Structure formats: C-alpha cells, structure tokens
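Take a look at the structure below.
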Amino acid sequence: MVTAPSLTAEWPLAPTATLGSSVRGKGIERELRARLPLAVRKHLKAETGRIVLRMPKDQADAFNVAFATIAHDLAGIDELPVLPREVEDVLTISSRERHKWVKDGRLQSIGTRTVKMRGRSKKVTFHVFDPRHIEDILDRDMPSVWREADAQAVAENRRRGAGKAALTRAGKGERKTNVATRRRNKGEARPQLDGFDAFEDVGLLR
C-alpha cells in the first residue's frame with residue numbers, strides 16, 4: 001500500500017510534564033488540540049515521551065501554523081494544572097480519597113475549572129492542582145502516609161465508639177436494676193390484719 005507523503009514534527013514530552021501518567025499525557029493532548037483549528041486537531045497525538053504532528057503534504061500552510069502554535073504552547077506545558085482524574089492516576093488514589101484529602105487540606109487546590117461535559121446539559125465544576133505540588137506528594141509517597149493516618153483515626157474512633165456504647169449499656173442496665181428494685185419494694189405484700197387474733201399472730205404484740 002502506497003501512502004501519501006506527509007509532514008511530520010515531533011516534540012519531547014518530559015516526565016515533569018506527564019508526571020509518569022498516561023492519563024496526564026492524554027490530558028496534555030486534549031489541551032493542545034483545543035488550541036488548534038478544528039480541522040487540524042485530529043493530526044496531533046501524544047505518544048510515549050513525545051508530541052507528534054502529522055499532516056498531509058498538501059496542507060503545508062496549516063501545518064506551519066499548527067507547528068508554531070504547538071511549539072509556543074509546549075514551552076509552559078510543565079505548569080499545566082493537573083485535573084482530578086490525572087491526580088488519581090499519578091498518585092494511584094481513589095476518587096473518595098481525593099475528595100477527602102482536598103476537603104481537609106492535604107491535597108491543595110489552586111482553584112476550580114468549570115466545563116460543559118459532552119452529552120450533559122449542566123456544567124461541571126472541579127478542583128485543579130499545581131503539578132509541582134502533585135509531584136512533591138508523589139516523590140514523598142504521601143498517599144501511603146495519609147492512608148495509614150486515616151486508618152489509625154478510624155480505629156481510634158471505633159475504639160471510642162465501642163467504649164461509649166459499653167458505658168451506655170452499663171448505664172441502662174443499672175437504671176433497669178434500680179427500677180426493678182423500686183418496683184419490687186413497692187409491690188411487697190403487707191400483712192392484712194383481720195381482728196385481734198391476726199394482729200397477735202404476726203407478732204406485733206410480742
């Protein structure tokens with residue numbers, strides 16, 4: 001099969017940009033494509049360790065424009081904010097962990113982004129993150145440290161909860177005992193004295 005000649009350009013995509021994540025690489029691809037004319041976007045692709053632009057040779061003018069745009073945008077690609085799914089892939093964490101750690105400040109958001117998702121009528125707002133902050137968390141393996149701390153906190157809360165439950169049960173048992181004692185005391189049979197003989201029989205005259 002004979003293929004038509006094409007124009008090709010490549011740029012290195014450093015680990016400091018992708019943070020070792022293929023999801024992050026695809027995110028960079030989408031970001032770069034969004035800055036290109038619609039007809040050119042399909043010709044750009046993020047591959048392992050590089051960005052590649054391939055276009056038919058008869059589209060030289062469009063190729064040159066795209067080349068200049070990509071070269072300019074790649075200059076600061078290392079600082080492109082990290083999206084939620086990218087954070088989860090880079091740090092190997094769950095969505096639940098991400099939400100929890102953002103809420104308590106361990107994962108530090110640098111702001112939010114609002115987009116309209118394809119096929120949805122409502123817009124979606126989500127947190128974005130500084131890539132250097134995420135890189136630092138990855139290098140120090142902080143997710144493992146945070147998971148251990150969370151597990152200890154859960155165990156401590158369960159221990160305290162079990163202690164409170166035991167005290168509550170003990171208190172209820174004591175109250176039931178006291179109530180039962182009072183009821184028995186109130187219900188004790190008293191001698192019924194019918195006449196002088198019965199009065200004498202119970203020993204009250206002795």
*At q = 0.21, 0.23 Å⁻¹, what is the log10 ratio I(q)/I(0) for the stretch 1-79, with the Debye formula run over Cα points and no solvent?*
-0.91, -1.05
_Whole-Hz couplings from phi, Karplus 6.51/-1.76/1.60, listed for the stretch 70-77; x for Gly and Pro_ = 5, 4, 5, 5, 5, 4, x, 5
*Between ARG30 and GLN152, take the C-beta separation as r, use R0 = 41 Å, and let me know the FRET efficiency to the nearest 0.05.*
0.55
_Just to be sure I follow the rule: in the stretch 1-101, considering lysines 8 or more places apart or on different chains, how many pairs have Cα atoms under 18 Å apart?_
4
*Report ³J(HN,Hα) in whole Hz for each residue of the stretch 10-19, in order, from the Karplus equation J = 6.51 cos²θ - 1.76 cosθ + 1.60 where θ = phi - 60°; Gly and Pro get x.*
10, 10, x, 10, 6, x, 5, 8, 8, 6
*What does the charge add up to near LYS45, with Lys and Arg as +1, Asp and Glu as -1, over the other residues with Cβ less than 14 Å from its Cβ?*
+3
*Would you kindly derive the ³J(HN,Hα) couplings of the stretch 43-57 from the backbone phi angles with the Karplus curve 6.51 cos²θ - 1.76 cosθ + 1.60 (θ = phi - 60°), listing them in order in whole Hz, with x for Gly and Pro?*
8, 9, 8, 8, 10, 4, x, 7, 10, 10, 10, 10, 9, x, 5
*May I ask for the net charge around ARG33, where only other residues with Cβ less than 12 Å from the Cβ of ARG33 are counted and Lys, Arg are +1 while Asp, Glu are -1?*
+3
*Mind giving me the nanometre distance, one decimal, between the label points for ALA71 and SER121, set 7 Å out from Cα along Cα→Cβ?*
4.7
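Computed from the coordinates by the stated procedures, all read-outs in this text should not be read as laboratory data. All values derive from a computational prediction rather than experimental measurement. Note that each Cβ is placed from the backbone with ideal geometry, even for glycine, and that neighbours are counted across all protein chains shown.
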